[in-house]
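Engineer: Attaching a single structure in structure tokens format; questions to follow.
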Amino acid sequence: MVINLSASPYFVGKMKQREYVTQKTAAYFNAPIMYVNLVGAQDEIIFDGGSFVLDKKGKKLLTCQQFSEDINVIDLNTLEVWNKNAKLEAIEELRRALVLGIRDFCEKTGIKKVHLGLSGGIDSAVVAALAVDALGPANVVGVGLPGPFNAPQSLTLAKDLAANMGVDFKTVEIGPMYESVLKALNKGLGLEGFSIVNENLQARLRGLTLMAWSNKENSMLLTTGNKSEYASGYSTLYGDMCGGLAPLGDLTKAQVYALARHYNKQGEVIPQEIIDRPPSAELRPNQKDQDSLPEYDDLDKAVTYLVEKSGPAKSATEKWLLPVLMRTEFKRWQAPPILKVSQHSFGRGRRYPVAHRAREI
């Protein structure tokens, strides 16, 4: 028997690669192979376990659980297996990976509590659900941060979400802070009119408030941005990018929606209106994400193609994204650790300079 002791990092679809390599190995040695994989997480990297045994022809005889410690027994003479584990649905596999990533990150850094801004939007709703699965509702706090341009239902939906999950919910109005800081900036810097300064000021006041809660409660802030937003620079440094860990930073918007629908399969955990309403940062009147970004279906495909597959820009969306991707690298260098679930995530595995001349080529 060939025994492979492995620490193989997880990404979506990784198991197929492992099975291919081990099948070739079994055939080469004409012997059964036992593939024993680490389970747990370390910073951005997730190890999914899922150890297995193949016979000498490459047929799978036994599979251990993914994303949790497991022990199993097989008799190679009778092929009798102690426990049989069903293959996980792809979206459930992704959910378990992210939950393990959050839980191990907190356990190995001594963090007992986490919190996040609940905006009434899809990203924060999914992060909250993952955090509750990882740490339990008693260790998760949601904070509503209504500002001058939030729709009234945003706070209502955030409260409903918190109630559904059994987490404590706080509300801090940023409107008075915004007006006070804006007045000081207008006086000192001569700012006039409404611009991105006003939008980012709101995002940074939210970040300031959430970090104040970190200091007060010794709690880690979870960042809620996704990969499509990070790739297009649709995020605010020292604002919504504040935090200690970014659970969704390697997920496209479509994957975030898929997780939300998965959570609601057994009953409404995430209010359906959160899933149905158009995404918005709510930093200016009647704002929608698609005011600044391509449609998410097109953007997700472009992000996957350019970032994960490193292909040349061909479509209109890819040609729009590529220069944006290049000039926003400095933001991603300052992002929290991003849990890796794809072949090419932002963070430690990406080696691209902030200072480059690619736009001049």
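The values are calculated or read from the model by the stated rules, or taken from the named source; none is laboratory data. Everything numeric in this text was worked out from a predicted model, so none of it was measured. Heads up, the Cβs are rebuilt from the backbone with ideal geometry, glycines too, and the neighbour counts pull from every protein chain shown. Please note that ligands, DNA and RNA were not included when accessible areas were found on the heavy atoms of the full protein model with its side chains. Shrake-Rupley method; radii C 1.70, N 1.55, O 1.52, S 1.80 Å.
Engineer: Run the reach check for residue 314 against aspartates and glutamates, Cα to Cα strictly under 13 Å, same-chain hits fewer than 8 apart removed. What comes back?
Structural biologist: 298
Engineer: What's the magnitude of the charge dipole for the chain around its Cα centre, counting Lys and Arg as +1 and Asp and Glu as -1 at the beta-carbon? Answer in Debye, nearest 20.
Structural biologist: It comes to approximately 960 debye.
Engineer: For 109, 63, give me the order by solvent-accessible area with a 1.4 Å probe, most accessible first, ignoring ligands, DNA and RNA.
Structural biologist: Highest to lowest solvent-accessible surface, that is 109, 63.
Engineer: Between residue 108 and residue 266, what is the label-point separation in nm under the 7 Å Cα-to-beta-carbon projection?
Structural biologist: Label-label distance for residue 266 and residue 108, simple model: 2.8 nm.
Engineer: For a label point 7 angstrom out from the Cα of residue 24 toward its Cβ, which stretches of region 59-98 have the backbone nitrogen within less than 18 Å?
Structural biologist: 59-60
Engineer: For residue 113, give me every one of the aspartates and glutamates with a C-alpha distance below 14 angstrom, ignoring sequence neighbours fewer than eight places off in its own chain.
Structural biologist: Output for residue 113: 104, 133, 168, 217.
Engineer: Taking R0 as 35 Å, what's the FRET efficiency between residue 76 and residue 350 from their Cβ-Cβ distance, rounded to 0.05?
Structural biologist: It comes to 0.25.
Engineer: Distance between the C-alpha centers of region 285-318 and region 107-180? Whole Å please.
Structural biologist: A separation of 27 Å, based on Cα centres.
Engineer: Please give the calculated 222 nm ellipticity per residue for the chain, where each DSSP H segment of at least 4 residues contributes -39500 (n - 2.57) and the sum is spread over every residue; nearest 500 deg cm²/dmol?
Structural biologist: Computed ellipticity for the chain at 222 nm equals -12500 deg cm²/dmol.
Engineer: Continuing with the same structure: Sorted by average packing, counted as other Cβ atoms within 10 angstrom per residue and highest first, what order do 74-87, 310-323, 201-214 take?
Structural biologist: 201-214, 310-323, 74-87
Engineer: Could you compute the FRET efficiency for residue 91 and residue 298, with r as their C-beta to C-beta distance and R0 at 25 Å, rounded to 0.05?
Structural biologist: Calculated value: 0.70.
Engineer: Can you give the FRET efficiency to the nearest 0.05 for residue 38 and residue 284, using r as the Cβ-Cβ distance and R₀ = 35 Å? Walk me through the intermediate numbers first.
Structural biologist: Details: r = 47 Å, r/R0 = 1.34.
Efficiency, rounded to the nearest 0.05: 0.15.
Engineer: Here's something else I'd like to know. Taking all protein chains in place and a 1.4 Å probe, what share, in percent, of the accessible surface of region 229-294 do carbon and sulfur account for? Show your work: numbers first, answer last.
Structural biologist: Values: 1260 of 2570 Å².
Carbon and sulfur together cover 49 percent of it.
Engineer: When the chain is fully extended, how far beyond the present Cα-Cα distance does residue 357 get from residue 194, taking 0.36 nm per residue of separation?
Structural biologist: Contour length minus the Cα-Cα distance gives 55.5 nm.
Engineer: Given a cut-off of 20 Å, name the pairs among 159/253; 253/288; 87/108; 16/309; 265/309 whose C-alpha atoms lie farther apart than that in the structure shown.
Structural biologist: Working: 159/253 23 Å; 253/288 15 Å; 87/108 28 Å; 16/309 18 Å; 265/309 32 Å.
Too far apart for the 20 Å limit: 159/253; 87/108; 265/309.
Engineer: Now for a separate question. Loop-only check: which GluC sites (Glu not before Pro) in region 190-272 are DSSP coil with at most 15 other Cβ within 10 angstrom?
Structural biologist: 192, 268
Engineer: Please give the contour-minus-distance gain from residue 216 to residue 183: 0.36 nm per residue of separation, less the Cα-Cα distance, rounded to one decimal in nm.
Structural biologist: Using 0.36 nm per residue and subtracting the Cα-Cα distance, I get 9.1 nm.
Engineer: What aspartates and glutamates could a cross-link reach from residue 59, if we take a straight Cα to Cα line under 12 Å and drop same-chain neighbours fewer than 8 places away?
Structural biologist: Result set, ordered by chain and number: 19.
Engineer: Now, a different point. With only alpha-carbon atoms counted, please give the Rg and Dmax of the chain, in Å.
Structural biologist: When restricted to Cα atoms, the chain yields Rg and Dmax of 22.6, 83 Å.
Engineer: Would you mind getting the accessible area per residue of the chain, heavy atoms of the protein chains only, 1.4 Å probe, in Å²?
Structural biologist: 49 Å²
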